[in-house]
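Presented below is the structure to which this report refers.
Values in this text are rule-based calculations from the coordinates and carry no lab data. All values reported here derive from a predicted model rather than from experimental measurement. Glycine gets a Cβ as well: all are built from the backbone with ideal geometry, and neighbour counts include every protein chain shown.
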Amino acid sequence: MAVDSNLSSSLGPPACEKDAKALRFIEEMTRNADTVQENLLAEILRRNADTEYLRRFNLGGSTDRDTFKSKLPIITYEDLQPEIQRIADGDRSPILSGHPISEFLTSSGTSAGERKLMPTIKEELDRRQLLYSLLMPVMNLYVPGLDKGKGMYFLFVKSESKTPGGLPARPVLTSYYKSDQFRSRAYDPYNVYTSPNEAILCSDSFQSMYTQMLCGLLDRLSVLRVGAVFASGLLRAIRFLQLHWSRFANDIQSGFLDSEITDPSIRHCMSGILKPDHELAEFIRRECESENWERIITRIWPNTKYLDVIVTGAMAQYIPTLEYYSGGLPMACTMYASSECYFGLNLNPMSKPSEVSYTIMPNMAYFEFIPLGGSKAVELVDVKIGKEYELVVTTYAGLCRYRVGDILRVTGFHNSAPKFHFVRRKNVLLSIDSDKTDESELQKAVENGSSLLLKECGTRVAEYTSYADTSTIPGHYVLYWELLVRDGASRPSHETMTRCCLEMEESLNSVYRQCRVADNSVGPLEIRVVRNGTFEELMDYAISRGASINQYKVPRCVNFTPIVELLDSRVVSAHFSPALPHWTPETRRK
Ligand code: AMP
């Protein structure tokens, strides 16, 4: 649709009136980034002036950035844990925020093995929705005609619990999908999904996935974009289709929903959607029964213009597999967000994954940036192109100068707002889905696993390293162990080794165990025993590539193909965890 030229923004000509408004908003915020940040911090400090936390630092009513930065420390989750625990236990006094804490968002980041609990307030939902509302206007600049079809998105709610004080504790997306903002959203031709709300909101992940995939198949010719939040989620959906295509074909052939789908609201809603369609059932059988699943996405959903999934950060490992299944469709990484705060969006969403940059929106929170290796945090507009920073946020919900743990590199500016490449999350060694395992967690798990080995057959783990194996769906952790078998002692049995695998899984953090148990998004942990001398070869290899002998340390995680190949060529036995570790939705009390 042609739009009045004075509605144009420097981003490009908007697709419609509503988009014009959104693009103008982006322009306004990014042009005035510094003023927006200054005013926003002042507003947060005014609103939260009487909180216990801010009073502690004697701001004396000041709301300016210099006073704030000189009086308040930069903190981590652990520093805030006592306050968070009190709120979780039911203390309703204004501890962190002048507005009541409405719920806790359970981050995939952990502290002492448990998910971090991020306090939030009701109005944050509107702020999140505002960021969502900017995504399609930007996308429409690059991909025309998205109002002529639908998005097939695999979206899920996850299990939630209540804190001792009665506040819900759940992932941010679960909170969003269950909110009125999402459920009662107004019709928008650019945002029509194949998945009915009933399926998205079903907490049984099998029934939810089954229904969403079935609806996507029924509506296959309308699908213009295919997505999930993270790449791992979309690959799980493809794997699900691989496992269950004949059931889908049967349902479509007969017009009757599989009897394993028992959720009454899903059954009710599907009764209006599912009709016998012999031709479609035959088509699905033909496409899926072949061994070759290359380009399966474009074969089944031929009008798909792009994949909408995050493939930056830890998700970059899935790019080749997604390219295989989609025949190289563009992958759009549209936004950058967390439980603490939604940060920003990609203003050039069709850029190659390696070139993706996110523009932090200055209206979302107050942002500071600690230069890597430095200590003095700088303002949003003062970061320098090419430099790396750790992100620090101050939110309306009461986090003050909080280290998010993400490392970002500045790639440029849109107006005066910087664009950032997501470099990595601090201290994350292994990640398959939303799990994040750091070096000390892995060390502890190896200690626990190997103490069992020592107890049962007197064998020690001489050296170890790890690898996130994503060659299968779901991916899984691989631990390479070189063993020190005592003279005369027997080598550990296969059964002992499998128990070591499970013991390690039991000691990994709760997000890992949830991925294993509830989400089925991480497969059983594997130990590959390598022959003696392998780790010395690893060192020789590193030294041949320029590492210093004196400073050489065994890498605790490997992903460089020649190293993985070297390790794999020395494997003498492989063992998988034989069962699921323990997990419950409840957070353990500290
Ligand atoms: P959570 O607190 O569990 O919601 O996880 C938020 C974290 O996920 C962020 O702090 C990032 O480390 C990561 N993340 C979110 N969005 C992206 C993105 N677009 N690219 C890379 N990593 C991301």
Cα gyration tensor shape of segment 428-576, rounded if a/c is under 1.5, else prolate or oblate by comparing a/b with b/c: oblate
Alpha-carbon centroid distance for the pair segment 245-304 / segment 493-564, whole angstrom: 39
Lysine pairs meeting the criterion (Cα under 22 Å, 8 or more apart or interchain), as found in segment 147-304: 4
Percent antiparallel among DSSP beta bridges (both partners in the chain, rounded to 5): 70
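Where does the charge balance sit around Pro276 when Lys and Arg score +1, Asp and Glu -1, over other residues with C-beta under 13 Å from its C-beta? Present the calculation step by step, with values, prior to reporting the outcome.
Numbers: positive: Lys275; negative: Asp251, Asp277, Glu279, Glu282.
With Lys, Arg at +1 and Asp, Glu at -1, the net is -3.
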For Trp583, Trp293, order by how many other beta-carbon atoms lie within 10 Å, fewest first: Trp293, Trp583
Antiparallel bridge percentage (DSSP; both residues within segment 147-304; nearest 5): 25
Cβ-based exposure ranking for Thr304, Thr321, Thr262, in which fewest neighbours within 10 Å come first: Thr262, Thr321, Thr304
Residues whose placed amide H lies under 5 Å from that of Phe413, excluding near-sequence neighbours: Lys419
Summed side-chain charge close to Arg65 - residues other than Arg65 whose Cβ falls under 14 Å, Lys, Arg +1, Asp, Glu -1: -3
Hits among aspartates and glutamates - C-alpha to C-alpha of Lys352 under 17 Å, sequence gap 8 or more where chains match: Asp308, Glu323
Burial ranking of peptide ranges 168-179, 393-404 (average Cβ count within 10 Å, highest at the top): 393-404, 168-179
Theoretical ellipticity at 222 nm over the chain - DSSP helices of four or more residues, -39500 (n - 2.57) apiece, nearest 500: -11000 deg cm²/dmol
Restraint check, Lys426/Lys553; Lys305/Lys419; Lys122/Lys384, Cα-Cα greater than 27 Å: Lys122/Lys384
Whole-number percent relative contact order across the chain, with pairs defined as alpha carbons under 8 Å at least 6 apart: 13
Debye, to nearest 20: dipole size of the chain, +1 on Lys, Arg Cβ, -1 on Asp, Glu Cβ: 620
Radius of gyration and Dmax over the Cα atoms of the chain, both given in Å: 25.3, 85
Candidate lysines for bridging to Lys69, where Cα separation is under 16 Å - those fewer than 8 sequence places away on the same chain excluded: Lys376
Sorted by Cβ density within 10 Å, fewest first, the residues Met152, Met139: Met139, Met152
